[in-house]
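Visitor: Before anything else, here's the structure in question.
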Amino acid sequence: MPMLRVKRRTIVAFLLPMLAMMAVINLWPILYTLYLSTTNYSEFTSDNYRFIGLENYRQLLFSFDSDFFPVLWQTLLYVVVCVSCFLVVGMLTALALNNPRVKGLPFWRVVLLLPWAAPSGITALIWKFLFQYDFGPFNQIGRLLFGPQFGIPWLLNPTLAFISVVIVNVWLSYPFFTVVILGALQGIPGELREAARIDGAGPWQYFRHVTLPLVTPALVPATILSAITTFQMFNTVFLITQGGPVVSALKPGATEFVMIYMYNRILGATVANPHYGFIAAFAITLFVILAALTYLGSGLGARSPRASSIREARA
Amino acid sequence: MKKIFASRASGSRPLLAMFLFSLMLALLLPACGGAENSGSNNSSSIDFSGTIVIWHGWQGTYLQAKQAIFNEYMRLHPKVKIVLVHQDNIASKAATAVKAGNGPDIIAFTDDNLGSLALGHVVVPLDQYISQDYLNQTYTPAAASALVFNGHVYGVPEAVEAVTLMYNKSLISADQLPKTTDDLLAFEKRYEQAHPGQYGVVWPTEDAYFNAPWFYGFGAQYVTPDGKAHLDTSQALQAMEYIASFRPYLPKQPTYDVVSSLFAEGKAAIIINGPWSYADYSSGGKINIGFATLPIVTATGTPAKPFVGVKSLWMAKTAKNPALVADLMKFYTNKANQITMSRADGEIPANSAAADDPAIQQLPAVAGYAAQVKLGVALPNTPYMSALWTPVQNALTAVWNGTQTPAKALSDAQAAATKGIAQISS
């Protein structure tokens with residue numbers, strides 16, 4: 001078969017429109033953000049801003065009153081707690097549904113997916129009402145049972161508010177994990193269960209050494225993706241707490257995760273002088289952190305491919 | 001009447017329609033022209049053509065009342081098209097849009113945003129077309145002063161507003177109304193004992209705007225025009241302690257929606273709220289509302305002083321035809337149109353001739369708010385004010401939730417506000 005010979009120049013000419021598009025849409029904004037992060041560009045200095053080097057980064061990372069690390073810490077905590085809950089709840093529901101005695105699997109699958117498919121903005125507002133201290137259903141029911149003094153400060157106490165937004169996010173997101181895990185579970189051949197039983201493995205041992213290793217490859221990408229979306233969580237939490245409860249005007253609120261913090265303190269409606277340079281530095285720093293975490297996460301996934309899990313299962 | 005005639009005629013007989021239309025113009029012009037220049041006079045220097053885009057936050061009856069005035073202007077000047085665009089977060093959106101050259105011609109918003117918009121060159125001065133003398137002669141003093149920033153005129157005021165005591169006449173009578181701040185607290189306790197599960201007086205206790213009456217009544221202030229926060233004063237502390245003394249009696253999460261529903265459902269006798277809420281409570285004869293001015297602060301002997309917000313129209317930097325914009329502004333806020341607007345939507349007119357008009361004075365709601373406006377302080381239009389809202393609100397929230405003492409909350413808020421102010425002036 002004769003090779004089609006094309007001049008390099010022709011190839012470049014054909015690629016050029018696409019490359020130009022990418023440069024304009026992807027590359028230019030990234031470079032511009034990078035540039036902005038080294039200036040003092042703000043609402044009021046937009047006409048005469050100047051280059052200030054790494055000053056924005058210094059303020060963000062090294063100034064003593066910077067909220068960056070507390071906010072980052074509580075965001076990471078939120079990610080870890082949420083994602084572990086996704087995994088546990090998703091695994092439990094998937095194992096329950098995978099039981100051959102469960103009838104009407106398609107029906108349950110739809111029911112489980114409903115919270116995930118519902119618009120998160122609306123469910124968030126419903127949850128906000130459920131958690132309301134004075135008139136919310138949770139506390140109203142509590143008052144019927146335990147008397148008029150009863151009241152759980154769901155959104156008023158920092159720890160409880162954190163737990164509240166975890167509950168909501170888990171409720172919204174676990175169905176996705178259920179479906180992913182269920183799919184992986186149903187791909188496990190029946191012979192393995194039989195072989196394990198013959199070898200004398202109990203239910204726990206079967207789960208630990210057969211099910212889990214075989215499900216892991218499907219879980220890794222889902223876990224990484226939802227860790228990133230949880231890290232960047234804005235609408236659900238913001239609609240419920242606005243980042244509060246506030247414990248002091250000088251400290252970030254207990255549910256003020258990075259995106260909410262960014263909005264509240266440097267971009268939001270009540271901010272005096274939006275400091276675009278500082279926001280750009282914030283965005284770049286976040287990008288670096290997310291990129292590093294993703295790299296680490298995918299690295300962990302690559303070390304346990306399917307083959308090795310089966311080997312482990314046989315061992 | 002004239003309108004029906006003209007529109008019916010225009011279908012079949014164009015000449016007659018044109019004749020009637022010019023007749024109508026001739027009839028209308030002397031009414032709005034005259035000695036004082038109140039907009040849309042037949043000045044030859046103005047090019048009456050093109051589109052004017054207005055960004056606003058008006059809704060419901062407000063929007064209807066205002067739309068009618070703009071329709072009238074479009075009828076007077078058929079070549080002018082006025083487009084009203086509703087926006088949330090007007091200030092920040094306008095800032096972005098104007099920088100990109102896609103901004104509106106007029107921005108309608110409350111005066112506290114003027115300083116930052118002017119410093120950001122989002123709105124521009126109109127001195128050439130509207131003088132300070134014109135402002136002072138045409139509008140009530142607080143309203144006129146709100147449109148001047150750094151010695152320049154940026155537009156016109158359309159309405160003023162302030163929060164006041166609104167009470168449910170079927171729950172309490174006028175002689176039961178608390179006259180002083182101590183009375184108010186005592187009333188709250190008494191009312192709740194007598195009516196379990198209900199509230200005497202409610203307001204959003206975590207909101208910087210709604211609590212300004214107490215701070216300013218106790219002699220404190222949020223910020224001075226030169227950009228100094230004043231939250232760490234003993235007066236501010238007294239105000240904060242007074243607010244905190246209501247904690248045992250009010251809801252734990254007294255957001256605006258919560259307290260407003262309580263009043264609307266008859267579960268609260270008094271609410272501290274502003275003109276925007278009146279129609280919701282009174283429409284359909286739901287609640288018979290009475291008005292009273294906010295109580296006198298017992299410690300200082302001065303009345304509680306709410307912020308007087310001045311709803312304003314400013315010219316954006318992207319305005320294409322400044323002369324036309326200025327003419328529309330004057331027309332929109334002339335005496336006749338202000339009276340029409342106020343009667344339709346219950347706003348308190350900024351035009352002083354309209355505010356003094358008997359037709360306006362006899363509207364109970366307008367009179368009620370107008371009495372309170374006289375006792376208030378102008379909502380500062382300095383850009384530094386925008387660095388105060390969040391810290392004050394956070395301090396109020398921390399105190400209301402019981403996580404901080406009033407003194408600690410205020411000193412933290414002072415530090416946060418100082419930091420915010422530094423960001424503005426740097």
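Visitor: Using a loss threshold of 30 Å², tell me which positions in the range A:225-261 are less accessible in the complex than in their chain alone. Probe radius 1.4 Å, ligands and nucleic acids ignored.
Guide: Residues meeting the cut-off: A:Val246, A:Val247, A:Ser248, A:Ala249, A:Leu250.
Visitor: Keeping all protein chains in position, work out how much accessible area A:Phe238 exposes to a 1.4 Å probe, and write it in Å² to the nearest 10.
Guide: 40
Visitor: Another one. Amide H to amide H, which residues 5 or more places from B:Val153 or on other chains are under 5 Å from it, using H placed in the peptide plane?
Guide: Under 5 Å from the amide H of B:Val153 lie the amide H atoms of B:Leu126, B:Asp127, each far enough along the sequence or on another chain.
Visitor: A further question on this structure: Given H placed 1.01 Å from N in the peptide plane, which residues other than close sequence neighbours of B:Val53 have an amide H under 5 Å from its amide H?
Guide: Residues meeting the criterion, in which the H sits 1.01 Å from N, are B:Val83, B:Asp105, B:Ile106.
Visitor: So what are the ³J(HN,Hα) numbers for the range A:142-150, from phi and the Karplus equation (6.51, -1.76, 1.60; θ = phi - 60°), rounded to whole Hz, Gly and Pro as x?
Guide: In residue order, the calculated couplings are x, 5, 5, 7, 10, x, x, 7, 5 Hz.
Visitor: Follow-up. In Å² (nearest 100), what accessible area is buried between B and A, both sides summed, heavy protein atoms only, 1.4 Å probe?
Guide: 2500
Visitor: Further, regarding this structure: Taking only Cα atoms and a 10 Å spring cutoff, compute GNM fluctuations for chain B and point out the largest among B:Thr318, B:Thr382, B:Thr300.
Guide: Comparing B:Thr318, B:Thr382, B:Thr300 in a Gaussian network model of chain B, the most mobile one is B:Thr300.
Visitor: Can you send over the carbon and sulfur percentage of the accessible area for the range A:55-314, probe radius 1.4 Å, protein chains only?
Guide: So the carbon and sulfur contribution to the accessible surface is 72 percent.
Visitor: Which distance in nm do the two modelled labels at A:Trp171 and B:Asp183 give, with both placed 7 Å along the Cα-to-Cβ direction?
Guide: 4.6
Visitor: Okay, next question. For the range A:103-143, which trypsin sites (Lys or Arg not before Pro) are both in a DSSP coil and crowded by at most 16 other Cβ atoms within 10 Å?
Guide: Answer in residue order: A:Lys103.
Visitor: For B:Asn89 and B:Gln67 in one chain, what is 0.36 nm times their gap in residues minus the Cα-Cα distance, to one decimal in nm?
Guide: 5.8 nm
Visitor: Separate question: Just add up the charged neighbours of B:Phe48: K/R +1, D/E -1, any other residue whose Cβ is under 10 Å from the Cβ of B:Phe48.
Guide: It works out to a net charge of -1.
Visitor: Let me ask you something else. Leaving out ligands, DNA and RNA, what percent of the accessible area of chain B is carbon and sulfur, probe 1.4 Å?
Guide: About 56 percent, which is the carbon plus sulfur part of the accessible surface.
Visitor: Cross-link candidates for A:Lys128: which lysines have Cα within less than 20 Å, leaving aside residues fewer than 8 places away along the same chain?
Guide: B:Lys252
Visitor: Now for a separate question. When chain A is modelled as a GNM with alpha-carbon springs shorter than 10 Å, which of A:Ile240, A:Ile163, A:Ile11 fluctuates the most?
Guide: Greatest mean-square fluctuation among the candidates belongs to A:Ile11.
Visitor: Run the simple label-point estimate for A:Leu105 and B:Ala174 please: 7 Å along Cα→C-beta, distance reported in nm.
Guide: 7.6
Visitor: So which aspartates and glutamates can B:Lys317 reach, going by Cα to Cα under 19 Å and dropping same-chain residues fewer than 8 places off?
Guide: A:Glu43, A:Asp47, B:Asp47, B:Asp105, B:Asp111, B:Asp112, B:Asp127, B:Asp327
Visitor: Continuing with this model, one more query. Please check which bits of the range B:311-327 a label hung off B:Lys79 would reach, taking the label as a point 7 Å along Cα-to-C-beta and the cut-off as backbone N under 18 Å.
Guide: B:320-327
Visitor: Separate question: Going through the range B:124-232, which trypsin sites (Lys or Arg not before Pro) have at most 16 other Cβ atoms within 10 Å and a DSSP loop state?
Guide: Passing sites in the range B:124-232 are B:Lys169, B:Lys179, B:Lys228.
Visitor: Could you provide, to the nearest whole Å², the per residue accessible area of the range A:55-314 with probe 1.4 Å?
Guide: I get 51 Å² per residue for this part.
Visitor: Go through the range B:375-391 residue by residue and turn each phi into a ³J(HN,Hα) via Karplus (6.51, -1.76, 1.60, θ = phi - 60°); whole Hz please, and just put x for glycine and proline.
Guide: Listing the rounded values in order: 8, x, 10, 5, 4, x, 9, 5, x, 5, 4, 5, 7, 9, 3, 5, x Hz.
Visitor: Go through B:Lys99/B:Lys419; B:Lys66/B:Lys419; B:Lys169/B:Lys330; B:Lys99/B:Lys374 and tell me which ones have a Cα-Cα distance over 28 Å in this structure.
Guide: Result: B:Lys66/B:Lys419; B:Lys169/B:Lys330; B:Lys99/B:Lys374 exceed 28 Å.
Visitor: So which chymotrypsin sites (Phe, Trp or Tyr not before Pro) in the range A:1-72 pass both tests, a DSSP loop state and at most 13 other Cβ atoms within 10 Å of the Cβ?
Guide: A:Phe64
The values are calculated or read from the model by the stated rules, or taken from the named source; none is laboratory data. Keep in mind the model is a prediction, meaning the values are calculated, not measured. Cβ coordinates were reconstructed from backbone atoms using ideal geometry, including for glycine residues, and neighbour counts include every protein chain displayed. Note: areas computed on protein heavy atoms with side chains; ligands, DNA, RNA excluded. Shrake-Rupley method; radii C 1.70, N 1.55, O 1.52, S 1.80 Å.
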